[in-house]
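Each remark here refers to the structure printed beneath this line.
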Amino acid sequence: MPTLIRQKTSKLCDDPSFATDPDLRYMAPVTLTTWNGVVTKCRNRFTPEQRATFATSHRYEYDMARVFEAAGVSMLVRALKGGLTPAPRRSSGLGPAASTT
């Protein structure tokens, strides 16, 4: 079950806000190089219309999560293996989530 952040980075990888994020200073240079390669591939592989469709579908997913949160729907997440547990566990970044452990 992907999170909204994971979906955003997949569907909107060429969003200019990623390139100007101040937290990039914490990323390893090799990771940034890989990311920039992915962005270039995305721009070359998909048309502007296709990328607009990705952006629209991400907006719908975000809006759906908001509706679920407002309706009190519990979200499921999988607990991390190896004894590590996220605190607090949140599946979408919008509300608390139940564990599947």
Amide H within-cut-off set for Met75, under 5 Å, with H built and near neighbours excluded:
Ala98
Starting from the Cα-Cα distance between Tyr26 and Arg66, subtract it from 0.36 nm times their residue separation and give me the gain in nm to one decimal.
11.4 nm
Tell me, what ³J(HN,Hα) does each residue in region 27-36 have, in order and in whole Hz, if you take phi through Karplus 6.51 cos²θ - 1.76 cosθ + 1.60 with θ = phi - 60° and put x for Gly and Pro?
8, 5, x, 5, 5, 5, 4, 4, 4, 4
Could you tell me whether region 4-73 comes out rounded, prolate or oblate from its Cα gyration tensor? Rule is a ≥ b ≥ c as square roots of the eigenvalues, rounded for a/c under 1.5, then prolate if a/b exceeds b/c, otherwise oblate.
oblate
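Read-outs: derived from the displayed coordinates by stated rules, not from any lab. Computed from a predicted structure; not experimentally measured.
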